[in-house]
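Chemist: Sharing a structure here in structure tokens format.
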Amino acid sequence: MAIPFDQILIQTVNGLVNGMILALVASGLTLIFGIMDVVNFAHGDLVMLGGFTGAVTIATTGSFWLALLAAVLVIAAFGAALQATTLRPLLGRDPLTTILATFGMSLVLQKYALWQWGPSARRIQEPLTGQFQLFYLQYPWYRVLTAVLSAAIIGGFWLFLRYGKYGIWIRATMQDRIMASAMGIPVPWVHTGVFAIGAGMAAASGVLFGPLGGVTQNMGLDFTLRAFIVVVVGGMGNLGGSIFASILISLLEAYASLIVSPAQAVIVSFVVLILTLLFRPTGLFVPTPK
Amino acid sequence: MTARRSSTAYWTGFAVVLASLTIAPLVLPEFWRRFVTEILIWGLLAMSSDILIGYTGMVSFGHSVFFGLGIYGAAAALLSVKPPNLWLALLYGLTAAGLAAVFVAYFSTRLRDIYFAITTLVFSQIFYVIIFTWTAVTGGENGLTFAQPLLSLPGLWAARFTPETLHWFVLGVVTLSYLLLRRFTQSPFGMVLQAIRENEPRTRAIGYAVERYKIVAVMLSGLFAGLAGVLYAVQNKFAAPDFVFFLVSGEVVIFNVMGGMGTLVGPIAGAAFFLLLREGVSRYFTEYYLIPVGIIFTAMVIFMPQGLLGFAKRRLNQ
């Protein structure tokens with residue numbers, strides 16, 4: 001059974017687009033883990049909350065860009081508050097406690113969203129309608145836009161980390177928490193800041209994803225699971241690794257869905273995870289200590 | 001001397017609880033009777049998970065796999081062989097759960113902590129997707145319904161289950177499991193598990209084959225979880241993919257934390273506490289009961305990580 005070549009190409013584009021959105025989510029997650037050893041089970045729910053905030057904003061103002069901005073700012077602030085109240089007391093305890101705590105938060109956030117906004121999906125209008133000719137399909141411009149935006153956000157963040165003053169603080173804290181503290185960097189605030197940035201990025205992906213799949217209260221789970229897989233495959237704390245892994249996994253899933261149903265295509269990402277764990281348990285890019 | 005005294009106190013307490021659980025089906029109304037039986041089943045599941053989480057220190061989100069396979073295994077036995085046979089159901093369910101346990105056990109030896117937790121999570125989802133989409137065999141979303149087997153001793157006699165005898169059967173199985181697990185955890189084997197939890201490299205350095213202990217722990221845990229699954233299938237007469245969804249594992253972890261990890265009895269108490277809380281809260285909050293319950297859980301993780309029983313133990317020791 002030969003698969004037409006242009007179908008493969010279209011799935012490549014789809015994979016890249018999905019991969020970029022996933023990368024946006026996963027970069028926040030991997031950074032949060034790299035810097036404070038917190039495995040944020042509720043990360044996908046931050047995506048979800050971002051989506052809802054965006055949907056509400058767009059319903060009142062009609063502007064997609066305003067919705068994006070609002071979602072990022074609100075959820076970043078919310079993330080900061082969350083971290084300061086529930087995660088700070090857990091600093092220093094074993095990472096499993098944080099998984100449990102964030103798991104509890106995830107449950108609360110999901111049900112809160114259900115309570116607040118109801119069970120039906122919200123739609124977000126894309127800012128850029130219209131399609132262009134991609135082989136035999138009319139491919140929406142918006143999808144390309146999401147990939148470009150995600151790349152821009154991640155790129156901007158990377159530059160910030162490299163050259164910005166606070167970015168350097170973040171990298172320092174990630175390398176050596178105690179030394180950074182000794183140098184005068186306010187480590188607890190850096191932690192809160194990173195969590196807020198991660199939350200903001202997650203919120204952005206929620207809004208970007210909105211027009212593609214709708215916003216529902218349990219969309220978070222899918223993102224969390226995928227993001228976890230990406231972070232493990234790419235190496236925890238490794239920004240470049242998680243971007244590469246996001247694209248890789250999304251591409252594989254896109255190709256797989258040519259053969260099996262999308263519901264089963266997710267097994268691909270699981271298989272990738274298991275293979276990685278078998279052969280390179282610390283991630284593809286972090287050399288496994290012998 | 002204190003050991004002797006607390007031992008009698010312990011066994012008296014045990015006898016009291018056992019007695020009250022035995023008369024329960026006779027005095028409680030129908031709904032609560034089923035409720036207590038369910039608490040026992042979930043308690044067994046939580047206890048099995050405690051072996052891994054509380055005693056060996058390996059947090060696993062994969063118990064839904066063992067539980068679900070126990071249910072589906074039992075379903076397979078009850079649907080394929082007529083007349084439905086209880087012991088065959090047990091055999092199938094335990095075998096299915098056991099096979100999964102071997103699989104998970106392999107990974108448990110190679111991964112630590114978080115990676116193990118995430119992998120077990122992924123496993124549950126893999127099984128969920130398989131069961132959900134393989135509609136021909138597993139009934140997909142709708143699950144399977146089947147008849148309740150007879151309580152039978154092969155060759156001797158067979159009788160239908162009444163709600164009371166079902167409850168006593170479950171109580172018997174759970175109590176036996178508890179005693180068995182207790183024997184395990186209080187033996188040198190159990191001590192080594194706890195050593196692994198406290199400081200794995202050191203345990204290895206002393207000379208214990210940590211991998212072997214971990215494998216046994218996973219097998220044990222998986223088998224008893226599968227047992228809980230079989231009991232659930234027998235009680236409720238249906239199987240659904242929901243039970244393999246990782247959220248079930250999540251709830252089991254909640255039971256463990258709430259009740260007290262590493263105490264065996266704790267998780268049963270935790271299961272009871274959570275289910276009662278859910279019953280009570282959902283009267284006021286309907287389906288949003290998870291909001292207050294989730295907040296309570298998160299607060300407990302932060303402030304009372306030793307769980308209810310650990311907390312009580314500390315209070316009583318003063």
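Values in this text are rule-based calculations from the coordinates and carry no lab data. No experiment lies behind these values; they were computed from the predicted model shown. In this analysis, Cβ positions are derived from the backbone assuming ideal geometry, glycine residues included, and neighbour counts consider all displayed protein chains.
Chemist: Projected onto the charge dipole of chain A (+1 at Lys/Arg Cβ, -1 at Asp/Glu Cβ, origin at the Cα centre), which of A:VAL271, A:ALA81, A:ALA172 gives the Cα projection farthest towards the positive end?
Modeler: A:ALA172
Chemist: What's the long-distance tail for the stretch A:5-218, i.e. % of Cα pairs beyond 21 Å? Mind showing how you got there, number by number?
Modeler: On the way: 12697 of 22791 pairs.
That tail contains 56 percent of the Cα-Cα pairs.
Chemist: Here's a follow-up. How compact and how long is the protein assembly as shown, expressed as Rg and Dmax of its alpha-carbon atoms in Å?
Modeler: Expressed in Å, the Cα Rg and Dmax of the protein assembly as shown come to 25.3, 86.
Chemist: A follow-up question, please. Remind me, what semi-axes does the stretch B:2-316 give for its equivalent ellipsoid, largest first in whole Å, using sqrt of 5 times each Cα gyration tensor eigenvalue? Provide the component values of the computation, followed by the final result.
Modeler: Values: eigenvalues 164, 120, 89 Å².
Semi-axes, largest first: 29, 24, 21 Å.
Chemist: Report the Cα centroid-to-centroid distance between the stretch A:254-276 and the stretch A:157-179 in angstrom, as an integer.
Modeler: Comparing the Cα centres of the stretch A:254-276 and the stretch A:157-179, I get a distance of 35 Å.
Chemist: Then there's this: Residues of the stretch B:228-271 with backbone nitrogen within less than 11 Å of a virtual label 7 Å along the Cα-to-Cβ line of B:ALA19, please, listed as ranges.
Modeler: Answer for this model: none.
Chemist: Using only alpha carbon pairs under 8 Å that are at least six residues apart, calculate the relative contact order of the stretch B:2-316 and give it in whole percent.
Modeler: Here the relative contact order equals 30 percent.
Chemist: Here is a follow-up. Where does chain B land at 222 nm, in deg cm²/dmol rounded to the nearest 500, when only DSSP H runs of n ≥ 4 count, each adding -39500 (n - 2.57), divided by all residues?
Modeler: The helix-only estimate for chain B comes to -25500 deg cm²/dmol at 222 nm.
Chemist: If neighbour count is taken as other Cβ atoms inside 10 Å, put B:VAL129, B:VAL59 in order from fewest to most.
Modeler: B:VAL129, B:VAL59
Chemist: Here's another thing I want to ask about it. If we count other beta carbons within 10 Å of each Cβ, what is the order of A:TRP115, A:TRP169, B:TRP168, fewest first?
Modeler: The most exposed by this proxy come first: A:TRP115, B:TRP168, A:TRP169.
Chemist: Near A:LYS165, which aspartates and glutamates are there with a Cα under 15 Å away, not counting those fewer than 8 places off in the same chain?
Modeler: Straight-line reach from A:LYS165, under 15 Å: no aspartates and glutamates qualify.
Chemist: Quick one: order A:HIS43, B:HIS167, B:HIS63 by neighbouring beta-carbon count within 10 Å, fewest to most. Could the numbers behind the result be given before it?
Modeler: Working: A:HIS43 29, B:HIS167 23, B:HIS63 33.
Ranked by crowding around the Cβ, least crowded first: B:HIS167, A:HIS43, B:HIS63.
Chemist: May I ask for the percentage of alpha-carbon pairs in the stretch A:137-188 that lie more than 16 Å from each other? List each step's numbers first, then the result.
Modeler: Working: 746 of 1326 pairs.
That tail contains 56 percent of the Cα-Cα pairs.
Chemist: Determine, from the Cβ-Cβ distance of A:PHE5 and A:ASN218 and an R0 of 51 Å, the FRET efficiency 1/(1 + (r/R0)^6), rounded to the nearest 0.05.
Modeler: The pair A:PHE5/A:ASN218 has a calculated efficiency of 0.90.
Chemist: Tell me which of B:GLN235, B:ALA271, B:ALA217 sits at the most positive position along the dipole axis of the protein assembly as shown, charges placed on C-beta atoms (Lys, Arg +1; Asp, Glu -1).
Modeler: Farthest along the dipole direction, towards plus: B:ALA217.
Chemist: Could you grab the relative contact order for chain A? Cα pairs under 8 Å, six or more apart, rounded to a whole percent. Walk me through the numbers before you get to the answer.
Modeler: Numbers: 462 pairs, mean separation 105.1, N = 290.
So the answer I get is 36 percent.
Chemist: Related question: Using the alpha-carbon centroid of each, what span in Å lies between the stretch B:198-217 and the stretch A:42-83?
Modeler: If you average the Cα positions of each part, the centres end up 46 Å apart.
Chemist: Assigning unit charges at the beta carbon (Lys, Arg +1; Asp, Glu -1) and nothing else, what dipole magnitude in debye, to the nearest 20, does the stretch B:2-316 show about its Cα centre? Each step should come with its number before you reach the end.
Modeler: On the way: 21 positive and 13 negative charges, 182 e Å.
With only Lys, Arg, Asp and Glu charged at Cβ, the dipole is about 880 debye.
Chemist: May I ask for the Rg/Rh ratio of the stretch A:172-290, computed from Cα atoms with Rh as the Kirkwood radius, given to two decimals?
Modeler: Rg divided by Rh gives 1.05.
Chemist: Explain nothing, just the number: dipole magnitude of the stretch A:5-218 about its Cα centre with +1 on each Lys and Arg Cβ and -1 on each Asp and Glu Cβ, in debye rounded to the nearest 20.
Modeler: Value, rounded to 20: 280 debye.
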